[in-house]
Every structure is written in structure tokens, then in C-alpha cells.
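To start, the structure itself, in C-alpha cells.
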Amino acid sequence: MLVFYNGKILDLESVAISPFDRAFQFGDGVYEVIRYYPSEFFKSELHINRLKNSLKEVGIPYNNCDSIESNLNELIKLNNLTDEVSIGYIQISRGYHIPRRHYFDDGMEPTVFMYVEKYPARLEEMTNGVKIGLEEDIRWLRCNIKATSLLANILTRNKAVRKELSEIVWHRNGIITEGTQTNIFFVKNGELFTPLLSNFILPGVTRRVVLDLCGKNGIPFTERNITIDELTKSDEIFLTSTTAEVTPVIEIEGTNVKDLKPGPISRILQKEYSKLY
Ligand SMILES: Cc1ncc(COP(=O)(O)O)c(C=O)c1O
């Protein structure tokens, strides 16, 4: 596999990142995941803008964000993925210093890593819908930053997999936030609802695209706080993300949501979304 590491294209085996890198020691870095549908990276501008915002929020200086798309396209070509649905992963950490210490100096040299891999659509889940769980949100209060420090996400996600759930959706004091890797929407009486943007959720690119599609297709929507009670009385529920696209939810563990079907609004949005790539 050929990857991008600090300005060079290298064989994965020849990449050597310091164990003193702050991403390794503290999860001190930010990242992005962009879908590649032959023959373009999808909504790359929105992803790069979010990356720039994450970098700004944590104070990592990286001035080459505008080259990322061409770096990724080069990786796609070099790894023979031009005709494959794939993803590009970009990670920028604050860099390294010895000895280990919590505080950091200004002007450190960031560590930049990118790779691409084949990542086909999860058609079974998108067609038949998925089962999810609900749990109290155990994350910090800056969830709008796409940070590599994902301990809460991976522990919760791991629990979901062990329980054969596709996702766990979090709530804070009964107000729905988002899934470990997805944003959430629900439909009631023909209107779509999703949690409003705040420091409690990631501003999903797919979320943005879906709301734009609602605007274009005359589907009324509201961004506001959503309670668990409302969610469990929905007509339709779906999750969105770069890799899940629009994935219907058919069951919520431990609630009366047991026989939801992927509904008409989910289907319209899936279809309209797929027309964009
Ligand atoms: C916590 C969280 N929320 C939402 C999303 C969806 O974001 P996007 O649509 O930009 O992939 C992700 C994606 O990884 C995520 O990790």
C-alpha cells in the first residue's frame, strides 16, 4: 500500500512515526474521512473545510490543506483504485517532542498521514435497515471537533458490535446527540427532525447534504433538540455518515421501536443522495 507521509508518497512499511508523537501518546490530532466514488472525492470541499476548522479549534498549524485532494487522488491512482468505491483517510497530529509532557510549544511540525482503501457501500444495511442501542453520552464537550482522541467512541462502538447492534446513539440527559460514527434523523408526520448543531455533535457532511436534499425535494425539516421519547414515537429513523450514507433504523434495543420499516422519506433521500455521485 502506498501512503502519504509528511509530504512524501511511501510504501506503508517504510513509514516510521515516533512513539513520542502526540497522537500516539495523547490522541492529540484531528482527522477526516472522505468517500471516493469513481472518479471523484465526494464533497471534498466540505470535508477539507471541516478539517481546517478542527485544526483551528485545537491550534495545529497546517498550511497545505488545499493540496489534500490532489494528494488523495494521487494515492487512488497509485493504489489502482480509480474504479473502486473507496475512502481517503487524512490524519494530522500536532507532531512530536521528547520528553513526553502534556503542554505543547507553538509552531511544532505536524505529522501528516493519508491513505486510501477500497470501501464498498454497505448495501445490506442500507436496504434492510439496522438495529441500534441508546446510551448516555460519555464524551467530552467539544464533539464538534473531529479529533483522533476517540476513546469514548471506540468503547461504545465496541459494545455495539458485541451486542450485534449496528450503532449506539447517545443522549445527554435525555436529549439525543448522535451515534458513535453517525448523525441521526427521524420523521414524524412527514416532517424530518435532526439535532441542531452544537458542541455536542459533529457537523456531519452527510447531514448537511441530506438537509440540502430536503430543501430541493420539498421535504420539511427542523433542526432542534430531540428527546428519547420523541425518537421512540417516530414514523421513520435513519443514520447518516460518509460510509453509512442514509441507513434506516428498524429497531432500538430496550424500547418499543421494534418493527419500524425503512420508510418513504428514507428511500427518497437514499435515491437522491446516490444521484449526487
Ligand atoms: C461522531 C460522528 N458523528 C457523525 C459522523 C458523520 O459525519 P460525516 O457525515 O461527515 O461522515 C461521524 C463520522 O465519522 C462521526 O464520527
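In the range 149-176, the qualifying residues are those that are in a helix (DSSP H, G or I) and open to solvent by less than 10 Å² (accessible area, probe 1.4 Å), and the one that is nearest to the ligand (Cβ to nearest atom) is Thr156. Filtering the range 182-195 for residues that are among the small types (Gly, Ala, Ser), in the same structural domain as Thr222 (by TED's automatic domain parsing) and under 14 Å from Phe238 (Cβ atoms) leaves an empty set.
Of the residues Phe26, Phe41, Phe20, the single one that is under 30 Å from Leu123 (Cα atoms) and of a type in the set (Phe, Trp, Tyr) is Phe41. On inspection, Ile228 fails the criterion of being at pLDDT 95 or above, over 24 Å from Pro120 (Cα atoms) and open to solvent by less than 40 Å² (accessible area, probe 1.4 Å).
Quick check on the range 177-192: of everything there that is assigned to a strand (DSSP E or B) and within 19 Å of the chain's Cα centre (by Cα), which residue is surrounded by the fewest Cβ atoms within 10 Å (Cβ to Cβ)? Step by step, filter the range 177-192, then rank; the result is Thr177. State yes or no: is Lys52 open to solvent by 70 Å² or more (accessible area, probe 1.4 Å), on the phi > 0 side of the Ramachandran plot and touching a helix residue (DSSP H, G or I) at 6+ places or on another chain (Cβ under 7 Å)? Spelling it out, it is not the case that Lys52 is open to solvent by 70 Å² or more (accessible area, probe 1.4 Å), on the phi > 0 side of the Ramachandran plot and touching a helix residue (DSSP H, G or I) at 6+ places or on another chain (Cβ under 7 Å).
Scanning the range 1-40 for residues that are in contact with an Asp or Glu (Cβ under 9 Å, 6 or more places away or on another chain) and within 16 Å of Tyr89 (Cβ to Cβ) gives Met1, Leu2, Val3, Phe4, Asn6, Ile9, Gly29, Val30, Ile34, Arg35, Tyr36. Counting only residues that are out of contact with any Asp or Glu (no Cβ under 9 Å at 6 or more places or on another chain) and within 13 Å of the ligand (Cβ to nearest atom), the range 41-57 holds 5 of them. Would you confirm whether any residue within the range 88-97 is more than 26 Å from Thr182 (Cα to Cα) and open to solvent by 30 Å² or more (accessible area, probe 1.4 Å)? Yes - at least one qualifying residue is present in the range 88-97.
Matching residues to (1) assigned by TED's automatic domain parsing to the domain that holds His171; (2) under 22 Å from the mean Cα position of the chain (by Cα):
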position: Leu81; (1), (2): no, yes
position: Ile98; (1), (2): no, no
position: Arg101; (1), (2): no, no
position: Asn128; (1), (2): yes, yes
position: Ile132; (1), (2): yes, yes
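On the stretch given as the range 232-277, residues that are assigned to a helix (DSSP H, G or I), in contact (Cβ under 8 Å) with a residue 40 or more places away in the chain and over 11 Å from Val187 (Cβ atoms) total 3. Taking the listed residues Val116, Val130, Val112, Val85, the one that is of a type in the set (A, V, I, L, M, F, W, C), touching a Pro at 6+ places or on another chain (Cβ under 8 Å) and buried (at least 19 other Cβ atoms within 10 Å of the Cβ) is Val130, with no other qualifying. Among the residues here, Val85 does not qualify as in contact (Cβ under 8 Å) with a residue 60 or more places away in the chain and of a type outside the set (D, E, K, R).
Looking only at residues in the range 209-225 that are away from the ligand (no atom under 15 Å from the Cβ) and not in a helix (DSSP H, G or I), which one is most open to solvent (accessible area, probe 1.4 Å)? Checked the range 209-225; the qualifying residue most open to solvent (accessible area, probe 1.4 Å) is Asn225.
Say whether the condition of being part of a loop (DSSP other than H, G, I, E, B), at pLDDT 95 or above and farther than 23 Å from Tyr5 by Cα is met by at least one residue in the range 67-86. So far as the range 67-86 goes, yes, one or more of its residues are part of a loop (DSSP other than H, G, I, E, B), at pLDDT 95 or above and farther than 23 Å from Tyr5 by Cα.
The values are calculated or read from the model by the stated rules, or taken from the named source; none is laboratory data. Source: prediction; values computed, not measured. Cβ: placed from backbone, ideal geometry, glycine included. Neighbour counts: every protein chain shown. Please note that ligands, DNA and RNA were not included when accessible areas were found on the heavy atoms of the full protein model with its side chains. Shrake-Rupley method; radii C 1.70, N 1.55, O 1.52, S 1.80 Å.
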